[in-house]
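Quick notes on the structure that follows.
The values are calculated or read from the model by the stated rules, or taken from the named source; none is laboratory data. Note that the coordinates shown come from a computational prediction; the quantities given were computed from them, not determined experimentally. Positions of Cβ are generated from backbone atoms using ideal geometry, with glycine treated the same way; all protein chains shown enter the neighbour counts.
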Amino acid sequence: MAQCGVASRRKCEALILQGKVRVNGTTISQLGTLIDPEKDDISVAGHTLSPPDTKQYIILNKPKGIIVTRHDTHGRKTVMDLLGDKALPGVFPVGRLDKDSEGLLLLTNDGELAHRLIHPRYEIEKEYIAKVKGTVPPETIRNLGAGVRLEDGVTLPSQVSRVRREKDTTTFHIVIREGKKREIRRMCEHVGHPVLKLTRIRIGPLKLGQVKKGMSRILSKRELAQLQSAVSL
């Protein structure tokens with residue numbers, strides 16, 4: 001139980017003595033009870049435990065205003081708060097999605113997959129819907145696609161499509177293949193059209209789909225296989 005991140009060893013013993021631990025559906029209250037973690041089903045206060053080496057992959061639709069981190073020193077709400085008891089110990093958010101942005105976020109305890117998804121070598125596509133201030137002319141759209149010179153270098157070429165211009169705003173899809181900090185926001189600021197709303201809808205083959213804002217779900221086997229294939233795992 002302690003290895004699964006339930007609590008300290010002493011607190012885990014207290015939970016057993018309180019009758020809150022069940023093995024294969026039977027409540028146990030005696031310390032030192034032997035179990036086989038590979039075969040037995042263990043639950044604590046109604047929550048089933050998984051072996052600590054179990055890999056977990058969660059897709060979350062992050063709302064605006066939520067911090068993408070496991071812990072926040074300022075006491076702000078994080079993506080881990082949205083997951084509640086759903087996440088296994090060691091699960092962490094993959095990559096960046098700033099506080100004011102929303103949409104698709106992957107969380108996992110699979111360090112190798114996470115590393116490859118954010119490593120520049122693999123150039124994993126990330127697709128966003130950006131709503132920016134002002135009516136963006138075609139020439140500026142082409143400049144965004146060709147690459148923008150920022151203080152930390154020129155961005156890789158991106159794909160800008162489905163452009164919809166309105167009186168005071170422009171909305172478009174943009175696909176990038178790198179992970180510079182606040183990249184799209186800085187690109188749009190550079191060309192004179194600050195971002196009003198930014199939503200990520202895809203990471204590689206993984207799509208946000210119908211996951212409601214603030215909600216999450218476990219990836220399907222097919223989605224996981226597609227992600228692993230995208231990073232050559």
Item to check | Output for the range 216-233, where each listed residue is within 16 Å of the chain's Cα centre (by Cα) and in a loop (DSSP other than H, G, I, E, B) | outcome: Leu219, Ser220
Checklist entry - Restricting the range 170-189 to residues that are crowded, with 16+ Cβ neighbours inside 10 Å and touching a helix residue (DSSP H, G or I) at 6+ places or on another chain (Cβ under 8 Å), which is modelled with the lowest pLDDT? => result Lys180
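Of the residues in the range 140-198, how many are among the hydrophobic types (A, V, I, L, M, F, W, C), part of a strand (DSSP E or B) and touching a residue at least 12 places away in the same chain (Cβ under 8 Å)? Don't jump to the end; show me each part of the working.
First, the residues of the range 140-198 that are among the hydrophobic types (A, V, I, L, M, F, W, C): 141, 144, 146, 148, 150, 154, 156, 160, 163, 172, 174-176, 184, 187-188, 191, 195-196, 198.
Among the residues that remain, those that are also part of a strand (DSSP E or B) are: 150, 154, 160, 163, 172, 174-176, 195-196, 198.
Then drop every residue that is not touching a residue at least 12 places away in the same chain (Cβ under 8 Å), which leaves 150, 160, 163, 172, 174-176, 195-196, 198.
Here the count works out to 10.
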Next on the checklist: Taking the condition of being surrounded by 14 or more Cβ atoms within 10 Å (Cβ to Cβ), out of contact with any strand residue (DSSP E or B) (no Cβ under 8 Å at 6 or more places or on another chain) and farther than 11 Å from Val68 by Cβ, how many residues in the range 81-101 meet it?
Outcome noted: 3
Checklist entry - Residues of the range 9-43 being without any contact (Cβ under 8 Å) to a residue 12 or more places away in the chain and of a type in the set (S, T, N, Q), which ones? => result Gln18, Thr26, Thr27
Checklist outcome for this item: Exactly one of Val160, Val154 is outside the structural domain of Gly103 (by TED's automatic domain parsing), closer than 14 Å to Glu178 by Cβ and of a type outside the set (Phe, Trp, Tyr), and that residue is Val154
Next on the checklist: Can you find a residue that is modelled with pLDDT under 85, assigned to a loop (DSSP other than H, G, I, E, B) and not hydroxyl-bearing (Ser, Thr, Tyr) anywhere in the range 19-33?
Outcome noted: yes
Next on the checklist: Out of everything in the range 191-216 that is crowded, with 16+ Cβ neighbours inside 10 Å and either modelled with pLDDT under 95 or among the hydroxyl-bearing types (Ser, Thr, Tyr) (or both), what residue ends up being farthest from Thr54 (Cα to Cα)?
Outcome noted: Thr199
Item to check | Residues that are modelled with pLDDT under 95 and assigned to a strand (DSSP E or B), drawn from the range 79-106 | outcome: Phe92, Pro93
Checklist outcome for this item: Of the residues in the range 102-124 that are charged (D, E, K, R) and more than 11 Å from Ile201 (Cα to Cα), the one that is surrounded by the fewest Cβ atoms within 10 Å (Cβ to Cβ) is Arg121
